[in-house]
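Following: one structure in structure tokens, then a few remarks.
All of the numbers you see were taken from the coordinates with simple rules; none came from a lab. Just so you know, these numbers come straight off a predicted model, no measurement behind them. When we count neighbours, we look across all protein chains shown, and the Cβ atoms used for this are built from the backbone with ideal geometry, even at glycine.
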């Protein structure tokens, strides 16, 4: 399959300069280190070369993609499947039974596995994956392997893949050195980090009169209205505390961190993506890897622990050709880090603060999904016909195996729930309610 068919399947007209350079460097036979900002299209930049190297009719896993989080594993799997290459791929990650994944492997026979290092070590150690067939390795966000506690797992995975021929490493920040255990040879280094956000990202400082910044954060969010805002905290407990306070002040928000159940994390992320939640509070887990388009504002409730952290957080906005803003909230004992230069201007909160804005959409839960022969077209048609919704009233629809989520206009939500009560989708009665 040529790239034009893949781009057509993805509804992309043409590759950007970074992606073109990546494809060209891979064709020259080198290992690649690609440095490019978050949101610049790095996933496609390595998937296209990877697909070009896969061989039809070959049994076994040919390529392993290592990623730092479950969310990124799932998103990469979805992109690969949307490419329509004819090759099978699956994701592997902690938080679900490894035996279940092994059963899928045996029936699917994937050519590509996208996994977190811990889970990949588990499968390789149990010989659920035949390591002898793996010739391609991709490490997305490779700088994470330099962080404490992560390096050993990465080294262990690579040590279990004895027949690697090509390697592709990607990151949104530069690293002082690349770990020797990656086994890179004949490296082509592609650096697209410089000047990507110049002029499109505005940084402000917001001064909190007291050490506890909650009231200042609340006032700032009220001033930002219903535009999408990603608030970063340094600790899980802080995320929960901020979320509880904002909810008590009638700010509609969702929280996200590694201590939450996977289903709760996915539901929170979905609401933020579909516009039924404007404020998303997270640890640095959301600083990389998550596919969240069109974030307008970043708020650093806590100062990041490093410059890299600041870069990754800010990389969630001003993506591609969009503009964005970042706000650093400082209490009286804090100072702006030296790496933030030039010194940002101060955002002065007005004396009169508006009330918290409501998101334009709400999310409905539909109690049937793919396994019940229900698809997106069925749901949109049902809500249009039975719920009297126009096309502009229906937002993102996400159909899972046994349920679905759909964003609908907040103004029409009560009307819809009344009209569709006791109605059937394709002759099947189902629960439809506001998503919890």
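Observations on the structure shown:
- Once the C-beta distance of residue 215 and residue 335 is scaled by a Förster radius of 22 Å, the resulting FRET efficiency is 0.60 to the nearest 0.05.
- P(r), alpha carbons of the stretch 361-434 - 5 Å bins starting at zero, rounded %: 4, 18, 34, 29, 13, 3, 0
- Percent breakdown of C-alpha pair distances by 10 Å bin, ordered from the shortest bin, for the stretch 82-180: 14, 46, 33, 7, 0
- Cα centroid separation, the stretch 370-413 to the stretch 29-61 (Å): 34 Å
- Geometric extent, Cα atoms of the stretch 77-127 - Rg, Dmax (angstrom): 11.0, 31
- If you look at the Cα atoms of the chain, you get an Rg and a Dmax of 22.8, 68 Å.
- Distance histogram for the stretch 3-191 (every C-alpha pair counted, 5 angstrom bins, percent rounded to whole numbers): 1, 8, 18, 22, 23, 16, 9, 3, 0
- Both the radius of gyration and Dmax for the stretch 1-105 are 14.5, 42 Å, in that order, over alpha-carbon atoms.
- Cα-Cα pairs of the stretch 201-346 separated by more than 19 Å (percent): 48 percent
- Stokes-Einstein translational diffusion, the stretch 297-436 - Kirkwood Rh over all Cα pairs, 1.306 mPa s, 10 °C, in µm²/s: 85 µm²/s
- Taking every DSSP helix (H) stretch of at least 4 residues in the chain, weighting each as -39,500 (n - 2.57) and dividing the sum by the residue count yields a mean residue ellipticity at 222 nm of -9500 deg cm²/dmol.
- Inter-part distance where the stretch 69-111 and the stretch 290-361 are each reduced to a Cα centre, Å: 34 Å
- Computed over the chain: relative contact order in percent, which uses C-alpha pairs under 8 Å that are six or more apart: 15 percent
- Normalised contact order of the stretch 20-122, rounded percent, pairs of Cα under 8 Å and 6 or more residues apart: 30 percent
- DSSP beta bridge pairing in the chain, given as percent antiparallel to the nearest 5: 25 percent
- Here the ratio of the Cα radius of gyration of the stretch 222-264 to 2.2 N^0.38 Å is 1.21.
- Neighbour-count ranking [beta-carbon atoms within 10 angstrom, fewest first] of 109, 253, 277, 222: 109, 222, 277, 253
- Using a Gaussian network model of the chain in which every pair of alpha carbons under 10 angstrom is joined by a spring, one finds that among 139, 178, 298 the greatest mean-square fluctuation is at 178.
- Among 125, 243, 115: highest mean-square fluctuation, GNM of the chain, C-alpha pairs under 10 Å: 125
- Residues residue 207 and residue 10, FRET efficiency given R0 of 41 Å [Cβ-Cβ distance, rounded to 0.05]: 0.40
- Dividing the mean sequence gap of close Cα pairs (under 8 Å, 6+ apart) by how many residues the stretch 1-62 holds gives a relative contact order of 31 percent.
- Simple label model, 7 Å out from Cα along Cβ direction - residue 422 to residue 186, nm: 7.2 nm
- Evaluated at q = 0.09, 0.11, 0.12 Å⁻¹, the base-10 log of the normalised Debye intensity for the stretch 98-255, with identical point scatterers placed on the Cα atoms, takes the values -0.54, -0.73, -0.82.
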